[in-house]
1. Nearest-5 percent of antiparallel DSSP beta bridges in the chain?
2. Over region 113-204, calculate the relative contact order: mean separation of alpha carbon pairs under 8 Å at least 6 apart, over the residue count, as a percent.
3. I want to verify the translational diffusion coefficient of region 42-179 in µm²/s; compute it with Stokes-Einstein, Rh as the Kirkwood radius over Cα pairs, at 4 °C and 1.567 mPa s.
4. Which order do 218, 49, 79 fall in if you start with the one that has the fewest other Cβ atoms within 10 Å?
5. For the residues 70, 177, what sequence is obtained by ranking on other C-beta atoms within 10 Å, fewest first?
6. Starting from the Cα-Cα distance between residue 164 and residue 68, subtract it from 0.36 nm times their residue separation and give me the gain in nm to one decimal.
7. Residue separation times 0.36 nm, minus the C-alpha to C-alpha distance between residue 197 and residue 227: what's the value?
8. What's the angle, to the nearest 10 degrees (0 to 90), between helix 181-190's Cα axis and the longest principal axis of the chain?
Ligand code: ARG
């Protein structure tokens with residue numbers, strides 16, 4: 001009896017308790033989760049949560065006629081929290097991967113990008129040059145997954161936050177840092193004294209929002225809202241503000 005209940009719950013509980021669009025609409029407020037430590041996508045400016053994805057999330061909620069409650073969690077907890085229905089969706093620069101798609105439903109991508117190698121002048125700029133080198137990356141990311149595929153690295157160091165991985169490179173404790181190409185552009189600009197350089201792109205990825213597995217009503221609503229803000233100039237305006245260009249997938 002108990003066993004049956006557990007099996008039924010394993011199959012249904014996650015989707016049964018995720019709030020479908022209707023439930024969110026009647027509550028009036030949507031709960032959005034992000035990390036808050038991945039500038040310029042999601043970060044704190046003093047006490048204020050901001051960034052491209054925060055402004056985009058707000059614009060999508062507005063399009064849906066909903067108020068927003070933001071929740072910040074360590075990156076590695078975000079998709080787990082989604083599975084536990086702690087929030088309605090996650091917007092935190094998650095690359096769409098097969099592995100993640102087993103646990104969540106992804107929306108259409110909200111931008112396209114890639115993971116790049118960053119080092120100090122004279123440091124490694126290509127995958128081949130990472131041979132024998134120490135590389136810093138954020139844990140739970142596609143950067144880690146892809147750096148692991150590079151043959152011959154001496155050590156891959158992981159950090160809870162991407163900004164800590166960058167600090168490790170700046171402090172001279174790693175030879176390279178692998179992160180998002182747009183994050184890298186900002187980090188290079190912010191650390192001109194150190195003299196960082198952007199090397200090759202290791203891999204490309206599509207970045208999307210995640211809803212709980214099976215929450216297709218919310219997934220559809222987010223896709224529609226994204227289409228609208230991409231058509232009415234709102235997306236372009238936010239993108240220009242942070243990147244000086246439109247970063248939507250072409
Ligand atoms: N794009 C990478 C991935 O899919 C890293 C995302 C990191 N996001 C963050 N909020 N720190 O794993």
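1. Of the beta bridges lying entirely in the chain, close to 65 percent run antiparallel.
2. Reported as a whole number, the value is 47 percent.
3. In µm²/s, the coefficient is 78.
4. 49, 79, 218
5. Fewest-to-most ranking of 70, 177: 70, 177.
6. Difference between extended and current length: 31.7 nm.
7. Fully extending the segment from residue 197 to residue 227 adds 7.3 nm.
8. Long axis of 181-190 versus the principal axis of the chain: about 60 degrees.
Read the figures in this text as sums done on the coordinates, not as results from a lab. This is a predicted model, so every value here is computed, not measured. A quick note on method: Cβ atoms are made from the backbone with ideal geometry, for glycine too, and the neighbour counts reach across all protein chains shown.
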